[in-house]
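In what follows, a single structure is set out as structure tokens and then discussed.
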Ligand SMILES: [Zn+2]
């Protein structure tokens, strides 16, 4: 019995990524609020997958040691695709480290397996803890430059349960529809990465680089219900899962990806739009957010100190290449009001920063790592005797602003919009299908 269980579980974990994107479900009707521009959905009819796709999520970057605590028995072997040669271990405490280009999985001082790649797959119901945090699914440990990286391999909906509360917070009952919106958006985003990453070691990072994922500890019953209720629902554009970017608050107008990230692939559904109902007057859906409007003030000296910290890393220049700050200018504004570029003039050099990277250079506080909330701001600079005396920003929103505005989505949920309408508002032209 155990043997067949192994094969089943290991085979499930080994679903090839080619399969994941090979078919999609039939379209459902998406009702859009009046705010969206008309667009013709193009959907490839197909047969839904019979089970959810599997995602590989990097949960720990290179570490000397990884602690593994298993509350269930588990199978251990080399690559997950290999079902032969796996063996069953009982629950317990283990460590993983790198030993001469191999991964060593050990209990106490005793090596259980040395292999180029070590995979473990839980056999029973309990969870496996990695450095004290519980996760669903199995794991792959790989060596990278003498250290070990840890990849969680699990069905996409189990992954989403560990994403939703971290990404949109804990919502009230009248905001529940926004959980469903976030579930479909996050599922679509994750699926959009699978094809792109299939030759690489993992599909997604468990940080803001992709979506924040906290495993079982980060789950919430209501958010999980939304994942279950939207099981298999995916937003598509021209038959492909939507690269569903989202951010906390758009400040009243979502951003155009071509200006925010000129170096990334652009899609028409990410060109930005007013975050309001045409029927509802001028009020933005996100106007109640505490981030909707904000101010930042620097003295010339504080800003200069901060630029000496941020510019060298951003532009890969020497620290002494940034001299005394003599001027700061904005070079352009996008139609939605975001600053497209700034010019920083110092006694040793003049530097230009484009798009969203402005937020990493103009940090509000030189003693904190927090970046500027957004590039949606108006800037006033006081100058005297060839120096910058002070700079004031009046801004709006929090985050890059591309795609869905989460604060607006929550407000639309309170107004009674459906998940499909909300997604159609923020990603015009998409359709929603049952993918599995
Ligand atoms: Zn908004």
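Where a number appears in this text, it was derived from the coordinates with a stated rule and is not lab data. If you're wondering where the values come from, they're calculated on a predicted model, not measured in any experiment. Glycine gets a Cβ as well: all are built from the backbone with ideal geometry, and neighbour counts include every protein chain shown.
Quick one: plug the Kirkwood hydrodynamic radius of the stretch 346-422 (C-alpha pairs) into Stokes-Einstein at 25 °C, 0.890 mPa s, and report D in µm²/s.
The calculation lands on 159 µm²/s.
Starting from the Kirkwood Rh over alpha-carbon pairs, what translational D in µm² s⁻¹ does the stretch 226-275 have by Stokes-Einstein at 20 °C and 1.002 mPa s?
170
Counting other beta carbons within 10 Å of each residue's own, what order do 356, 157 fall into, fewest first? Write down the numbers at each step before the final one.
Numbers: 356 23, 157 20.
Going from sparsest to densest Cβ surroundings: 157, 356.
Please report, largest first and rounded to whole Å, the three semi-axes of the ellipsoid equivalent to the stretch 184-289, where each semi-axis is the square root of five times an eigenvalue of the C-alpha gyration tensor.
Here the semi-axes work out to 26, 20, 14 Å.
Take every Cα-Cα distance within the chain, group them into 20 Å bins from 0 onward, and report for each bin the whole-number percent of pairs it holds.
Percent of Cα pairs in each bin: 24, 48, 27, 2, 0.
When the chain is treated as a GNM, springs tying every alpha-carbon pair under 10 Å, which of 188, 287, 299 comes out with the largest mean-square fluctuation?
Its mean-square fluctuation being the largest, the pick is 299.
Counting DSSP beta bridges in the chain, what percent are antiparallel, to the nearest 5? Before the final figure, lay out the partial values.
Working: 82 of 87 bridges.
Here the share of antiparallel DSSP bridges comes out near 95 percent.
Take 145, 271, 425, 348 and order them by how many other Cβ atoms sit within 10 Å, fewest up front.
On the way: 145 7, 271 18, 425 27, 348 12.
Least crowded to most crowded, the residues run 145, 348, 271, 425.
Could you rank the peptides 134-141, 396-403 by their average count of other C-beta atoms within 10 Å per residue, with the highest value first?
396-403, 134-141
Per 5 Å bin, what is the whole-percent P(r) computed from every C-alpha pair distance within the stretch 294-395?
Each 5 Å bin holds this share of Cα pairs: 3, 13, 25, 29, 20, 8, 1, 0.
Using Cβ contacts closer than 10 Å as the measure, can you line up 360, 298, 263 from fewest to most?
By the 10 Å Cβ count, ascending: 263, 360, 298.
Take every Cα pair under 8 Å in the chain that's 6+ residues apart, average their separations, divide by the length, and report that relative contact order as a whole percent.
After rounding, I find 20 percent.
Explain nothing, just the number: relative contact order of the stretch 294-395, from Cα pairs under 8 Å at least 6 residues apart, as a whole percent.
Once normalised by length, the contact order is 31 percent.
Using alpha-carbon pairs under 8 Å, 6+ residues apart, how would you state the relative contact order of the stretch 118-248 in percent?
28
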